[in-house]
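Have a look at the structure below before the remarks.
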Amino acid sequence: MSIVRIAAKNANTKQMLAHTEMLLKESQSIAQLGTWEWDITTGFLFWSDQIYRIFGVQKAKFEASYEGFLSFIHPDDVSLVQDAVNQAVENKAPYKIVHRIIQPEGKIIHVEERGKVYFDECNKPLKMIGTVQDITEKHLIQLAMEKANQTILKNKEQLNRLAYYDYLTELPNRNYFLQYLEERLAECSRTNTPFSLLFLDLDGFKEINDTQGHAEGDRVLKTVSEKLTSVLPQEAMISRLGGDEFAIFINNSLSQDIEHDIQHWLDALSFRKIYDGIEFNVTFSTGVVSYPNDGKSLSGLIKNADIAMYQAKALGKNQFRIFDPKLAERQELRIRLQTELDIALKEEQFEVYYQPKICLNSNTLLEAEALVRWKHPLRGLISPLEFIPLAEETGQIHELGAYVFRSTCQFINELNTTLDKPVRIAVNVSVKQLLKESITQDFFDIIDTVGIKPNQIELELTESAVMENIVEARKAISAFQNRGINIALDDFGTGYSSLSYLAKLTINTLKIDREFIKDIPESEESKAICRSIISLAHSLGKSVVAEGIETEEQLAFLKQLNCDIAQGYYFAKPMNKEDYINFCKTQKTES
Ligand SMILES: Nc1nc2c(ncn2[C@@H]2O[C@H](COP(=O)(O)O[C@H]3[C@@H](O)[C@H](n4cnc5c(=O)[nH]c(N)nc54)O[C@@H]3COP(=O)(O)O)[C@@H](O)[C@H]2O)c(=O)[nH]1
């Protein structure tokens, strides 16, 4: 080979070497990867340009050494690095670790470091060669992802909690309870084990919410859940189904006598609250079903527990009821009625009828009583006896009562222009309405809007409603009377009026209940009661209405006792507006 050719080949090889070196540098720069070589025997440490860049030092100003290298390591990672190097020597195996370095300006860099030890023939370590790769970006992304995953997990847990637990009481919610019931039902049907299901509804909870506010309502619900958890056996499954409804699953093996135990639990669960000096007993209406007697399917058991609970509610407060299939049909009708009552209120399916009241002294038409009728599109006329108690129970009475009051005021207005003399009409006010704080203002607003005189209205309050809520009743009565509205005590004699209370009440009129009129003249007892009521009323300066007069004899007897006013089929049945206007036109009115 000629010298020229050798020189040319050398030049070529040099070029290739330079090119390979450039490629290596570039790829190391792209990968942020540096190489190092440490001569263990001399202590000399070689760093590639990338390592200087990763460590944040200038090549000219820093002489690489093992100690110098260690001074860059994060203090918490120094022993990790030293151990890795020592073990690599000891085990004759390469190492790979991740650690932090601190650049001179304080920036922390995460690196992945690899190293390998080379030995001589006598197994003496000669040198180490390794790489350092800047993985800060990757590390930060990984950290962010871990954080995001943790947040997702936390959110998932929270969502799961919300899906299966009640946020207020932390009891299992309806979802949880239904799933649990499904599992228990499958198990109990396989093992032939009976169980009981209790549905509890807080009595009068709406009243607490309405009068004391939702925060107090929440406090009551929390106390209830705490009491449930402490009173019931630990194995019982307690759930808040929603609102003021709770459900309990109890395995019958936990009780020798389930009815006795339920009574005991309910007694222990009830508690007292005092609001503005008025005592409020927190009690439950409870429906009970047993598997398999009262249903074999989940939906059947739940439906029947609900029915039993409504049966308990209908019995009054603090009652429990074991499901009775005979009453279920009636209850279903009640529930349907409640939904239909809502529709009826929206579609104004109600109409107010008017029954005349006659002044017995002058034999003239004195006034009328407004009595609401439900004109059901399919079932025809439904008696108020069927829907007023239901409306009271559900709270729909407020809307219905306002409708009756407004219609009556509008009718009075119409009569004022049709008839020569001003008229007065009595409107029934239920106990629920009377207890609503805004009742007086609500009625005054209607009177003012329609534009009639307050003394053209009389309100009939039932005796029991007044006596059972004497404080609120007296307040409302005096507010109404101060505006000139007459107050009558309805169904008098059926309640338990204390005479001392009666004397203190500024009632204008007493209405003798129909019960005491219907057996006159035969019943000496009824006659004696009428005599006493009329004489008592007169001695207290109140007028008396006898209702339910159907016969000549009844009328004669009451006239003889100087009863002031009479009402009953003998004179006229309740009638619609048009008939009442015609009736008025044929009657003499009191002058
Ligand atoms: N809170 C409200 N209660 C109301 C309203 N409208 C009616 N009611 C109450 O419903 C109960 C039943 O009322 P109703 O079926 O209308 O019966 C009244 C009369 O029709 C009936 N009556 C009158 N005279 C006779 C009679 O000679 N014989 C006979 N068998 N029945 C008769 O009595 C009812 C009037 O009762 P009262 O109110 O006690 O004076 C009833 O309790 C109504 O109060 C309403 O809008 N709000």
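The values are calculated or read from the model by the stated rules, or taken from the named source; none is laboratory data. Being a predicted model, the structure only gives us computed values, none of them experimental. Cβ: placed from backbone, ideal geometry, glycine included. Neighbour counts: every protein chain shown. Surface areas here come from the heavy atoms of the whole protein model, side chains and all, with no ligands, DNA or RNA. Shrake-Rupley method; radii C 1.70, N 1.55, O 1.52, S 1.80 Å.
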> Based on what the data block shows, is I447 part of a helix (DSSP H, G or I), more than 19 Å from L505 (Cβ to Cβ) and open to solvent by less than 30 Å² (accessible area, probe 1.4 Å)?
Replying inline: yes
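Among the β-branched types (V, I, T), within 30 Å of L269 (Cα to Cα), in the same structural domain as L301 (by TED's automatic domain parsing) and assigned to a helix (DSSP H, G or I) - does that describe any residue in segment 193-200?
no
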>> Contact list please: Cβ distance under 9 Å, first residue in segment 562-580 and without any contact (Cβ under 8 Å) to a residue 12 or more places away in the chain, second residue within 12 Å of the ligand (Cβ to nearest atom), pairs at least six apart or on different chains.
In response: D579/Y353; D579/Y354; D579/A572
> Can you name every residue in segment 362-388 that is assigned to a strand (DSSP E or B) and open to solvent by 90 Å² or more (accessible area, probe 1.4 Å)?
Replying inline: L381
>> Residue pairs, Cβ under 9 Å, 6 or more apart or interchain, first in segment 241-268 and free of Cβ contacts under 8 Å to residues at least 40 places away in the same chain, second among the aromatic types (F, W, Y). List them.
In response: G243/F205
> Here are D77, D39, D83, D49: which of them is under 60 Å from the mean Cα position of the chain (by Cα), open to solvent by less than 90 Å² (accessible area, probe 1.4 Å) and charged (D, E, K, R)?
Replying inline: D77
>> Of everything in segment 552-571, what is more than 10 Å from the ligand (Cβ to nearest atom) and among the aromatic types (F, W, Y)? Give them in sequence order.
In response: F557
> Restricted to segment 201-233, and to residues that are crowded, with 19+ Cβ neighbours inside 10 Å and outside any helix (DSSP H, G or I), which residue is farthest from the chain's Cα centre (by Cα)?
Replying inline: L232
>> For segment 389-443, give me each residue that is closer than 22 Å to G204 by Cα, part of a helix (DSSP H, G or I) and β-branched (V, I, T).
In response: T394, I397, V431, I439, T440
>> Quick test for you: out of E329, E348, pick the one residue that is within 16 Å of the ligand (Cβ to nearest atom) and more than 26 Å from the chain's Cα centre (by Cα).
In response: E348
> Of all the residues that make up segment 273-308, how many are closer than 30 Å to I470 by Cβ and open to solvent by less than 20 Å² (accessible area, probe 1.4 Å)?
Replying inline: 5
> Here is a list of conditions, (1) out of contact with any helix residue (DSSP H, G or I) (no Cβ under 7 Å at 6 or more places or on another chain); (2) assigned by TED's automatic domain parsing to the domain that holds I141; (3) open to solvent by less than 100 Å² (accessible area, probe 1.4 Å), and E67 meets all of them except one; can you say which number that is?
Replying inline: (3)
> Can you name the condition, by its number, that L126 falls short on among (1) more than 21 Å from L298 (Cβ to Cβ); (2) surrounded by 15 or more Cβ atoms within 10 Å (Cβ to Cβ)?
Replying inline: (2)
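Would you call N252 closer than 21 Å to K222 by Cβ and either polar (S, T, N, Q) or over 25 Å from the mean Cα position of the chain (by Cα) (or both)? Outline the logic, then answer.
Working: closer than 21 Å to K222 by Cβ: no; either polar (S, T, N, Q) or over 25 Å from the mean Cα position of the chain (by Cα) (or both): yes.
In short, no.
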>> Quick check on my filter: what residues within segment 416-439 are more than 16 Å from the ligand (Cβ to nearest atom) and out of contact with any Pro (no Cβ under 8 Å at 6 or more places or on another chain)?
In response: T417, T418, L419, D420, K421, P422, V423, E437, S438
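Check whether at least one residue in segment 432-447 is in contact (Cβ under 8 Å) with a residue 12 or more places away in the chain and within 21 Å of P574 (Cβ to Cβ), and report yes or no.
The answer is yes, given that some residue of segment 432-447 is in contact (Cβ under 8 Å) with a residue 12 or more places away in the chain and within 21 Å of P574 (Cβ to Cβ).
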> Does L419 satisfy the criteria of being within 22 Å of F350 (Cα to Cα) and in contact with a strand residue (DSSP E or B) (Cβ under 9 Å, 6 or more places away or on another chain)?
Replying inline: no
> Scanning segment 534-546 for residues that are surrounded by 18 or more Cβ atoms within 10 Å (Cβ to Cβ), among the aliphatic types (A, V, I, L, M) and within 17 Å of I487 (Cβ to Cβ), which turns out nearest to the ligand (Cβ to nearest atom)?
Replying inline: V545
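Take the residues in segment 336-355 that are open to solvent by 60 Å² or more (accessible area, probe 1.4 Å) and not hydroxyl-bearing (S, T, Y); name whichever of them is nearest to A572 (Cα to Cα).
Residues of segment 336-355 open to solvent by 60 Å² or more (accessible area, probe 1.4 Å): 336, 339, 342-343, 346-348.
Okay, now just the ones that are also not hydroxyl-bearing (S, T, Y), so 336, 342-343, 346-348.
Values: R336: 33, D342: 31, I343: 31, K346: 31, E347: 29, E348: 26 Å.
Result: E348.
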>> Can you say whether A556 is exposed (fewer than 14 other Cβ atoms within 10 Å of the Cβ) and farther than 30 Å from A479 by Cβ, as far as the supplied structure shows?
In response: yes
>> Being closer than 26 Å to C188 by Cα and at pLDDT 90 or above is true for just one of S239, S285. Which residue is that?
In response: S239
>> Please verify whether R379 is among the charged types (D, E, K, R), within 39 Å of the chain's Cα centre (by Cα) and more than 10 Å from the ligand (Cβ to nearest atom), treating the condition exactly as stated.
In response: yes
> What is the number of the single condition among (1) farther than 20 Å from I102 by Cα; (2) open to solvent by 100 Å² or more (accessible area, probe 1.4 Å) that A60 does not meet?
Replying inline: (1)
> Just checking, which of I512, I529, I549 is assigned by TED's automatic domain parsing to the domain that holds A465 and away from the ligand (no atom under 15 Å from the Cβ)?
Replying inline: I529
> Is one or more of the residues making up segment 396-404 surrounded by fewer than 16 Cβ atoms within 10 Å (Cβ to Cβ) and away from the ligand (no atom under 11 Å from the Cβ)?
Replying inline: yes
